[in-house]
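Read through the structure below, which is laid out as structure tokens, and then see the notes.
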Amino acid sequence: MDIIDVIRDRRTVGKSTGAISRETVLELIEAATWAPNHKLTQPWRFTIVDGDEREALGRVWAERAAASIDPAARPAFIEGEAAKPLRAPMLIVVSTCTDPNPVRAEEDLTATAAAVQNLLLVAHAKGLSAAWKTGLIIYDEAVKAFLGLQTADRIVAIVYLGATALETPAPRERDVRACVNWLADSRVLA
């Protein structure tokens, strides 16, 4: 596929099915690591959550998230939250180490976001379904501990990955002119 077509055709797929080989996952991650990163810090980390570990992750998160829920509503809430990681056969948690230097930390965060985009585009080009998810789960210390991350690490994305999409949203129109502000010498543009 042409890269412009891949970018325009890619959609966030909420539910998917079908196993993906480790070789394919490593190809996606290798492509992700070609993202630009200032001073070649390669700050990204990829944690694969597969099989029964998805259910375990869901339980860790659901119990933590339920703490602030009305006790009467808690069981249904826990069941719903615990099931979220099961919407895809595999999750790739993409995180970045947080450098003590705030400028480096910001550069590393944005580089890691670029790595996620590379991963999503290559997954789409390979005919896979993928979704970039976040939410309060990415900030939770118990979730980070479950994933083997440090408290200061930042989770940038939880990529839900499957071989076959169970639902594919229609494209949305883009109004490019609404988000562009030209600062240029008018004689140059004429």
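Comparison of Asp185, Asp153 shows that the only residue that is in contact (Cβ under 8 Å) with a residue 12 or more places away in the chain and of a type in the set (Asp, Glu) is Asp153.
With the condition kept exactly as written, say whether any residue in segment 73-87 is touching a strand residue (DSSP E or B) at 6+ places or on another chain (Cβ under 7 Å), aliphatic (A, V, I, L, M) and open to solvent by less than 70 Å² (accessible area, probe 1.4 Å). No, segment 73-87 contains no residue that is touching a strand residue (DSSP E or B) at 6+ places or on another chain (Cβ under 7 Å), aliphatic (A, V, I, L, M) and open to solvent by less than 70 Å² (accessible area, probe 1.4 Å).
The residue that is least open to solvent (accessible area, probe 1.4 Å), counting only those in segment 34-50 that are modelled with pLDDT of 95 or more and over 18 Å from Asp153 (Cα atoms), is Ala35. Quick one: is Lys126 surrounded by fewer than 19 Cβ atoms within 10 Å (Cβ to Cβ) and of a type in the set (D, E, K, R)? When the stated conditions are applied, Lys126 passes them.
With respect to the conditions (1) touching a residue at least 40 places away in the same chain (Cβ under 8 Å); (2) among the hydrophobic types (A, V, I, L, M, F, W, C); (3) assigned to a helix (DSSP H, G or I), Leu26 falls short on a single one, namely (1).
Of the candidates Thr12, Thr24, Thr17, Thr98, the single residue that is surrounded by 13 or more Cβ atoms within 10 Å (Cβ to Cβ) and within 18 Å of Asp153 (Cα to Cα) is Thr98.
The single condition among (1) of a type in the set (Val, Ile, Thr); (2) modelled with pLDDT under 95; (3) open to solvent by less than 90 Å² (accessible area, probe 1.4 Å) that Ile3 does not satisfy is (3). Quick one: is Gly148 more than 25 Å from Asn37 (Cα to Cα), of a type outside the set (A, V, I, L, M) and surrounded by 10 or more Cβ atoms within 10 Å (Cβ to Cβ)? In short, no. Scanning segment 151-167 for residues that are aliphatic (A, V, I, L, M), assigned to a strand (DSSP E or B) and either farther than 30 Å from Ile4 by Cβ or modelled with pLDDT of 95 or more (or both) gives Ile155, Val156, Ala157, Ile158, Val159, Leu161. Annotation note: of Val60, Val25, the sole residue that is under 19 Å from Ile138 (Cβ atoms) and modelled with pLDDT of 95 or more is Val60.
The values are calculated or read from the model by the stated rules, or taken from the named source; none is laboratory data. None of the values given here were measured: they were computed from a predicted structure. All Cβ positions, even for glycine, are placed from backbone atoms using ideal geometry, and neighbour counts span all protein chains on display. Accessible surface areas use protein heavy atoms only, side chains included; no ligands, DNA or RNA. Shrake-Rupley method; radii C 1.70, N 1.55, O 1.52, S 1.80 Å.
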